[in-house]
Structure formats: C-alpha cells, structure tokens
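Report on one structure; see the data block that follows.
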Amino acid sequence: MKDGPARPDTVRLQAVVKGFWESAALMSAVELDVFTAIDGGSDSILTLAESVGIEPVNAERLLVALTAMQLLHREGDRFTNAEDVDRFLVRGKPGYVGPWMLFGKPRWDAWGHLTEHLRRPAGEMRLLGMYDDSFTVERARSYHEATYAIGMGAARRFHRQVDLSGRRRIMDLGGGSGCYCIVAARNYPDISAVVLDLEPVVIVTGEYIERNGVADQVVAKACDFTADALPEDADVAIMASNLPQYERDVIAGVVRRVYDALLPGGEFHLLGEMLDDDGCGPLAPALWGLSEAVNGSMGLAHSVTDCLGYLEDAGFVAVAAHEFIPQTLTRVTGRKPV
C-alpha cells in the first residue's frame, strides 16, 4: 500500500502560539545582561548564575533555551554568543541595542488582549494611537532611549545609500531623536536640518542634538506634520519608520503637503514597513500594522504599491522603490520637478 500525501500536523501552529515564550526568554536575557556576562567570561552555568544573580537551576533553564533558539552556541559546559548577539546585545559594545529589544515589553499585556482591541469600533480609534494626552516628555525620553541606537544604525545605512551632496536643508517628519539629521550634519558640514515632531518629543530631540554636538546645524520644532504648515525652505524631506501609524488618506495627504512645501527639484524619501505588492507579507510590516490595533489608532500596513501611488498622485517624478532593510523596511523616493 502506497503512502498518501503527508497529513498536516500541529507543529507549525504550536510554534507560532508559543512564540511569546521565546520573546520572554530573550527579554529576560537582556534584562539580566546574560550576553554581556558570557562575553566577560562567565560562560558556564555556575559562573553565569553567580554573575547575574540567579539560581544555577534557572541559569541552566535559560541557557538551554537560548541555545535552542540559536542565540548561544554550546561546547560541553561552555557557552558563547552567536555572531549577531555578540554585536548587538553585549552592553558596552558600539552596536548595543538592548533597549530596543525591550521596546515592546510595556505593551506585553495589551497584546494579550488583542481580541478586545480588534473589536474596538472605529469611533473609538484615534489618529495617533500611542500619542495621546498621556504622552509626556518622560514617555518620549523612555521611548527614544529604546529607539535611538537602532535609529542611528538606520540613519547611517540611509546615508550610505543616498548622496545628499549639494543639498542645503532637510525636513524630517516625525524624526524622533533626530538620527537621520544628526548623521547628515556629520557627513555634510554645509547642510542644515529641522526635525518636526510632537511637542513632548522635540524636547528630547534637542537633548540628542546637543549630545551629538550638531546644534549649529540641526534644530527641533514642534509640528503636527499632518496638519501644521511645513517649512518651505527644504530641498530634502525624510519620513522614516512611522508609516503604519497612519491610515491611507492621512499618508496621502502628508505626501501632498510635502510636495507643496519642498523647493523645486527637492527629493522626498519615505521609509517604512511596507508590504509587498501582493499584500501577503513580509511578516514584520504586517505585524507593525497589527500593532496599531493595540495602540488604538486607525493606522495599518501600507504596501509598496500604495506608497508609490501616494508620491505619483502628489506629482513627484522619478518615483521608485528601493529595498532598505530586507523583509522589514522599504525606501520609496521621488523628486519634485524643477
């Protein structure tokens, strides 16, 4: 008797359902500074337990799980960090992004109530979900402490891809800690920039500008770029990593307003978590869109086709899409005719 087609099982579904177990293990490892301790020589169960202040049985449980997740390598009784862990999760190294790994933890419980969020009627949704009246300077400071390191990495990548030689002034819409403008100021001594964001945020932006020593080139200005007047002296506009926070009509309106404000010949770079043309993925943009249900906003995941259309409809020419970070971020660009 020949075997028929393999029957589906529940293995894949169980792995997805237990995905939050893996998230918890990684977050705890970051909070306990496990990877830093291993890098410093506490690379066995007993030495790690002593170094981070937990019982050996719990150190064994955690190290075994992290090894199974391929975050650690094991040889006998010794553990070493995986290559990406070594680069990004060892405190004190230049690429350390531990706060970014913990970025989503404050919303852990909220995600556990996703069903209730999905049942929220449109009348109870806000334009900007997480930016309600409780978004204070302190919350902005905590938020950008988590996003700054990863933002600087993205900004350096942007400026490796995009040559702004000859450009004079940047406006960065929703620029947060100002990373794209800070790196621009370092690369181009003659360029100036304004970071546009909400009032509690720009106070924190100013702190990062001062910390990086670029206050003579970069300023931060309170601005709701969906409604307030935009600067009319910029020949570069950047909007990065806030795309899913808004619904389609809002993004289309912002792009039109950017077009009107830019100097002739100016360029616009829209960077965001964009779905492929077929709307089937990638997963990261899809999940960022879903997260807006938790935030209580009208935002959602936009496709590359959507974003190309926003720029073309506004009047931009030479509109094109460029892969920025595979499976995560896409950069859509256009130029205002002279």
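About its Cα centre, the dipole of the chain is roughly 360 debye, where the only charges are +1 on Lys and Arg Cβ and -1 on Asp and Glu Cβ. Per-residue Cβ neighbour counts within 10 Å put Cys181, Cys223, Cys280, Cys307 in the sequence Cys280, Cys223, Cys307, Cys181, beginning with the fewest. If you take the beta carbon distance between Glu31 and Glu116 as r and set R0 to 30 Å, what does 1/(1 + (r/R0)^6) give as a FRET efficiency, to the nearest 0.05? E between Glu31 and Glu116, to the nearest 0.05, is 0.60.
With R₀ fixed at 35 Å, the C-beta to C-beta distance from Ile203 to Asp249 puts the FRET efficiency at about 0.70. Between Arg156 and Ala68, residue separation times 0.36 nm minus the direct Cα-Cα distance comes to 28.4 nm. In plain terms, the chain is cut at each of the trypsin sites (Lys or Arg not before Pro) found in a DSSP loop with at most 10 other Cβ atoms within 10 Å, and the longest leftover piece is 120-338. When the chain is treated as a Gaussian network with alpha carbon springs shorter than 10 Å, the biggest mean-square fluctuation among Met274, Met27, Met69 belongs to Met69. Among beta bridges identified by DSSP and lying wholly in the chain, the antiparallel ones come to about 40 percent. Helix 199-211 and the long axis of the chain differ in direction by around 80°, with both axes built from C-alpha atoms. Neighbour counts of C-beta atoms inside 10 Å place Val137, Val254 in the sequence Val137, Val254, starting with the fewest. Can you tell me the orientation of helix 56-68 relative to the chain, as the angle in degrees between its alpha-carbon axis and the longest Cα principal axis, to the nearest 10? That works out to roughly 60 degrees. Please work out which option in [x] 58, 49, 32; [y] 65, 59, 42; [z] 53, 44, 41 gives Cα extents along the principal axes in Å calculated from these coordinates, and answer with its label. Entry [y].
If I take R0 = 41 Å and measure r between the Cβ atoms of Ala229 and Leu283 in this structure, what FRET efficiency does the formula 1/(1 + (r/R0)^6) give, to the nearest 0.05? Efficiency for this residue pair is about 0.60. The long axis of helix 304-314 is offset from the longest Cα principal axis of the chain by roughly 10 degrees. Relative to the current alpha-carbon distance between Glu55 and Leu13, full extension at 0.36 nm per residue lengthens the span by 11.9 nm. The phi torsions of the range 165-170, fed into the Karplus equation with coefficients 6.51, -1.76 and 1.60 and a -60° offset, translate into couplings of 4, x, 6, 10, 8, 10 Hz, rounded to whole numbers, with Gly and Pro shown as x.
Values quoted throughout were computed directly from the atomic coordinates according to the rules given, and no laboratory measurement underlies them. All values reported here derive from a predicted model rather than from experimental measurement. Neighbour counts run over all protein chains shown; Cβ positions are idealised from the backbone, glycine included.
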